Amino acid sequence: MHLYLIRRLLAMLPVLWMISIFVFLFVHAIPGDPARMIAGEQATMADVEAVRRALKLDEPLLIQYFTFVKNTVTLDLGNSLRTGESVYDMLARAAGPTFLLAICALGWSVIFGLFVGVISAVHSGKAADHIGMIAAVSGISMPNFWLGLLLMQFFSLKLGWAGTSGFNSASDLILPSLTLGSGVAAVMARFTRSAVIEVVREDYIRTARAKGLVERIVIWKHALRNALIPVVTMIGLQFGFLIGGSIVVERVFRWPGLGSVLVEAIQFRDFAVIQAELMLFSLQFLLINLLVDILYGFINPAIRYK
Amino acid sequence: MTTLTNDTAQNALVKDTKMRSPLSEFWRRLKARRLALFAGGLLGLLFVFAFAAPIFLPFTPDAFDYANTLKEPSFLHWAGTDEFGRDVLARLMFGAKLSLLIGSSSVTIGAVIGVTFGLFAGYYGGWIDAVTMRIADVLFAFPGILLAIGIIAILGPGILNVIIAVAIFSVPAFARIVRGGTLGLKESTYVEAARAAGAPDRIIMFRHILPGILGAVIVYFTMRVGTSILTAASLSFIGLGVEPSVPEWGAMLSAGREYLMAGKWHLTFFPGFAIFLTVMCFNVFGDGLRDALDPKLDETK
């Protein structure tokens with residue numbers, strides 16, 4: 001197991017390396033001269049050159065790349081070109097709200113999705129199944145920014161139950177996490193349904209029924225447990241999806257998270273921030289994928305990591 | 001006499017077990033899925049309306065009318081007017097054309113690149129396969145919207161860049177599907193026969209193997225168009241897509257939210273509903289196509 005973990009962590013390195021090249025080249029691909037942009041509109045040629053030297057943008061590309069890697073690894077992420085604030089501080093401040101939002105959204109959507117999925121599978125072809133699955137396909141097709149606005153309109157503006165934007169109290173988490181999780185709940189419901197339907201056809205389920213187990217136990221203990229193996233993989237994939245979706249949802253609720261920071265940075269071409277954010281997001285996905293693989297081993301004893 | 005009855009019996013038998021052509025079998029299964037057919041029909045209507053809208057509508061999407069700004073839906077303006085007095089329905093129709101164009105063109109580009117890479121990877125194997133699938137894995141590790149945002153960060157906003165961004169994130173999925181199908185088909189007897197007859201690799205790949213996996217590609221294509229429309233609208237909503245003045249659904253929602261506080265619900269409701277309905281139709285239609293193509297998935301039996 002330890003050996004497997006180490007091997008998996010090592011396997012992440014080439015991927016991170018590819019991503020670092022991509023992210024680094026990004027700075028050189030953006031149209032316009034970053035040095036001139038930082039120096040400002042009224043800067044003289046000398047000023048621009050000074051900035052270029054200060055940021056070491058006059059060095060060969062390869063040297064610049066090594067500096068970039070060294071700085072990233074040592075978490076020396078530089079300063080925002082717009083506000084001058086330390087990028088590390090900006091991200092550290094924004095990571096908490098984003099993480100909290102993603103966890104809340106994942107929590108309710110996985111539990112709710114599993115529940116609807118099992119109910120649909122048990123009543124396959126009947127009314128409950130149809131309702132569940134129509135709700136699921138609606139959830140998948142729903143633009144979450146529209147859902148967010150609808151919820152805001154109803155609960156904040158009409159009923160006055162919740163705030164409309166920002167993160168000032170714990171109750172501010174409710175609407176954004178409902179919005180963010182809706183798509184995941186829908187995907188989970190569909191996926192769980194087909195996984196359970198598949199498992200229910202197996203012999204051991206027939207055995208469980210034949211020996212007189214209550215149907216409730218057959219479904220929730222025997223069938224769900226085995227259906228859970230593919231479902232866990234799905235949860236991992238969906239967590240990545242959630243973090244991507246949070247960028248949009250954060251904009252709807254003006255949530256002070258990583259997504260809002262990223263979108264603003266892109267609009268102002270604040271490449272120091274964009275670079276750091278893209279690296280952070282990539283690392284997150286790789287770690288999530290690793291976590292899913294490990295969890296998979298715990299749930300499915302048939303898999304032995306060597 | 002006996003031979004005659006025998007013949008008839010045999011005929012009857014032949015008729016009974018007659019193989020339906022794959023296409024008619026597919027059509028029979030699709031017809032059984034009313035909801036999917038309905039969704040497909042709605043999409044057809046949307047196409048017609050999107051491109052024929054100027055004929056029906058008395059308004060153009062960018063006609064200002066400062067005497068009638070922010071009007072709620074009425075008999076004259078079915079979906080109301082926006083902050084410049086522009087007819088929301090006319091803008092929605094123009095937006096439909098835009099969304100359909102962005103969705104279908106980006107997925108087409110993504111499909112062509114992905115299918116080509118997938119065919120080569122599956123057919124030749126070896127290092128071509130390893131490199132292609134490794135890259136696909138890395139691209140796959142990212143959720144589509146983030147990949148698209150990353151690409152927009154490099155290219156800058158704009159319709160063309162949105163199409164490119166959405167196309168790139170469709171590539172790995174197509175490559176994977178086609179690679180899997182190619183691996184299965186390249187050892188099949190008819191491909192062996194083509195190879196034995198001296199057909200060049202290019203012909204075998206595109207003329208013999210590709211048609212065999214086209215079904216899966218079409219199903220995925222349909223579903224992907226819905227996702228792409230959603231992604232493009234999301235990009236526009238957060239201000240990284242089309243220019244704010246363009247009547248794109250996501251951009252309209254983004255502009256309309258400023259008036260939500262003032263109770264102008266129609267500026268966000270109609271564009272949101274348009275995205276929802278269109279994406280839903282693509283998803284339901286795609287689901288139906290998939291079930292109709294894959295007999296194993298037929299749960300009605």
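Quick one: is A:Leu159 open to solvent by 40 Å² or more (accessible area, probe 1.4 Å), free of Cβ contacts under 8 Å to residues at least 12 places away in the same chain and within 24 Å of the chain's Cα centre (by Cα)?
Considered against the rule, which asks whether it is open to solvent by 40 Å² or more (accessible area, probe 1.4 Å), free of Cβ contacts under 8 Å to residues at least 12 places away in the same chain and within 24 Å of the chain's Cα centre (by Cα), A:Leu159 comes out as no.
So A:Val27 ticks every box in (1) at pLDDT 80 or above; (2) under 27 Å from the mean Cα position of the chain (by Cα); (3) open to solvent by less than 70 Å² (accessible area, probe 1.4 Å) but one. Which box is left unticked?
(1)
Would you pick out the residues in the range B:90-134 that are surrounded by fewer than 20 Cβ atoms within 10 Å (Cβ to Cβ), of a type in the set (Val, Ile, Thr) and in contact with a Phe, Trp or Tyr (Cβ under 7 Å, 6 or more places away or on another chain)?
Correct list: B:Ile128 only.
Within the range B:107-149, work out how many residues are in contact (Cβ under 8 Å) with a residue 60 or more places away in the chain and within 10 Å of chain A (Cβ to nearest Cβ).
Qualifying residue count, the range B:107-149: 4.
Scan the range A:138-156 residue by residue and report those that are over 22 Å from the mean Cα position of the chain (by Cα) and within 12 Å of another protein chain (Cβ to nearest Cβ).
Those that are over 22 Å from the mean Cα position of the chain (by Cα) and within 12 Å of another protein chain (Cβ to nearest Cβ): A:Leu150, A:Met152, A:Gln153, A:Phe154, A:Ser156.
Could you tell me which numbered condition A:Ala189 fails, if it satisfies all but one of (1) out of contact with any Ser or Thr (no Cβ under 6 Å at 6 or more places or on another chain); (2) under 22 Å from B:Ala148 (Cα atoms)?
(2)
Return the only residue of A:Val196, A:Val231 being touching a Leu at 6+ places or on another chain (Cβ under 9 Å), over 18 Å from A:Leu91 (Cα atoms) and more than 14 Å from chain B (Cβ to nearest Cβ).
Just one listed residue meets the conditions, A:Val231.
Taking the range B:112-141 only, how many residues are over 25 Å from the mean Cα position of the chain (by Cα) and assigned to a helix (DSSP H, G or I)?
Final tally of qualifying residues: 9.
What are the residues in the range B:48-62 that are closer than 14 Å to B:Gly95 by Cα, at pLDDT below 80 and assigned to a helix (DSSP H, G or I), if any?
B:Ala53, B:Pro54, listed by residue number.
Collect the residues in the range A:234-256 that are more than 13 Å from chain B (Cβ to nearest Cβ) and within 15 Å of the chain's Cα centre (by Cα), keeping them in residue-number order.
A:Met234, A:Ile235
Got a number for residues in the range B:250-277 being in a helix (DSSP H, G or I), facing chain A (nearest Cβ under 10 Å) and either open to solvent by 50 Å² or more (accessible area, probe 1.4 Å) or on the phi > 0 side of the Ramachandran plot (or both)?
The total comes to 3.
Answer yes if at least one residue in the range B:85-99 is in contact (Cβ under 8 Å) with a residue 24 or more places away in the chain and farther than 30 Å from B:Gly286 by Cβ, and no otherwise.
yes
Please specify each residue of the range B:169-207 satisfying the condition of being open to solvent by 60 Å² or more (accessible area, probe 1.4 Å), touching a residue at least 24 places away in the same chain (Cβ under 8 Å) and of a type in the set (Phe, Trp, Tyr).
B:Phe206
Read through the list (1) surrounded by 16 or more Cβ atoms within 10 Å (Cβ to Cβ); (2) hydroxyl-bearing (Ser, Thr, Tyr); (3) without any contact (Cβ under 8 Å) to a residue 12 or more places away in the chain, then give the number of the only condition that A:Ser171 fails.
A:Ser171 satisfies all of (1) surrounded by 16 or more Cβ atoms within 10 Å (Cβ to Cβ); (2) hydroxyl-bearing (Ser, Thr, Tyr); (3) without any contact (Cβ under 8 Å) to a residue 12 or more places away in the chain except (1).
State yes or no: is A:Val196 of a type in the set (A, V, I, L, M, F, W, C), more than 23 Å from the chain's Cα centre (by Cα) and more than 22 Å from B:His266 (Cα to Cα)?
So A:Val196 passes the test.
Check off (1) free of Cβ contacts under 8 Å to residues at least 40 places away in the same chain; (2) open to solvent by 50 Å² or more (accessible area, probe 1.4 Å) for A:Leu178 and give me the number that stays unchecked.
(1)
Scanning for something hydrophobic (A, V, I, L, M, F, W, C) and within 14 Å of another protein chain (Cβ to nearest Cβ), does the range B:218-228 turn up at least one residue?
Taking every residue of the range B:218-228 in turn, at least one turns out to be hydrophobic (A, V, I, L, M, F, W, C) and within 14 Å of another protein chain (Cβ to nearest Cβ).
I'd like the full set of residues that are among the acidic types (Asp, Glu) and closer than 23 Å to B:Gly103 by Cα, limited to the range B:241-262.
Once the filter is applied, which keeps residues that are among the acidic types (Asp, Glu) and closer than 23 Å to B:Gly103 by Cα, the range B:241-262 yields B:Glu243, B:Glu248.
Table: residues versus (1) free of Cβ contacts under 8 Å to residues at least 60 places away in the same chain; (2) buried (at least 20 other Cβ atoms within 10 Å of the Cβ); (3) basic (Lys, Arg); (4) outside the structural domain of A:Met37 (by TED's automatic domain parsing).
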{"site": "A:Leu224", "(1), (2), (3), (4)": "no, no, no, yes"}
{"site": "A:Ile229", "(1), (2), (3), (4)": "no, no, no, yes"}
{"site": "A:Gly240", "(1), (2), (3), (4)": "yes, yes, no, yes"}
{"site": "A:Arg251", "(1), (2), (3), (4)": "no, yes, yes, yes"}
{"site": "A:Val261", "(1), (2), (3), (4)": "no, yes, no, yes"}
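Quick one: A:His123 ticks every box in (1) farther than 13 Å from A:Pro176 by Cβ; (2) open to solvent by 50 Å² or more (accessible area, probe 1.4 Å); (3) more than 14 Å from every other protein chain (Cβ to nearest Cβ) except a single one, so which number is it?
A:His123 satisfies every listed condition except (3).
Here's the yes/no breakdown for (1) in the same structural domain as A:Ala186 (by TED's automatic domain parsing); (2) more than 22 Å from the chain's Cα centre (by Cα); (3) of a type in the set (Val, Ile, Thr); (4) at pLDDT 90 or above:
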position	(1), (2), (3), (4)
A:Leu57	no, yes, no, no
A:Tyr65	no, yes, no, no
A:Phe68	no, yes, no, no
A:Ile119	yes, yes, yes, yes
A:Ala136	yes, no, no, yes
A:Gly163	yes, yes, no, no
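The values are calculated or read from the model by the stated rules, or taken from the named source; none is laboratory data. Because the structure is predicted, anything quoted here is derived from the model rather than measured. With ideal geometry, Cβ positions are generated from the backbone for all residues, glycine too; neighbour counts draw on all protein chains shown. Just the protein is used for accessible areas: all its heavy atoms, side chains included, with ligands, DNA and RNA removed. Shrake-Rupley method; radii C 1.70, N 1.55, O 1.52, S 1.80 Å.
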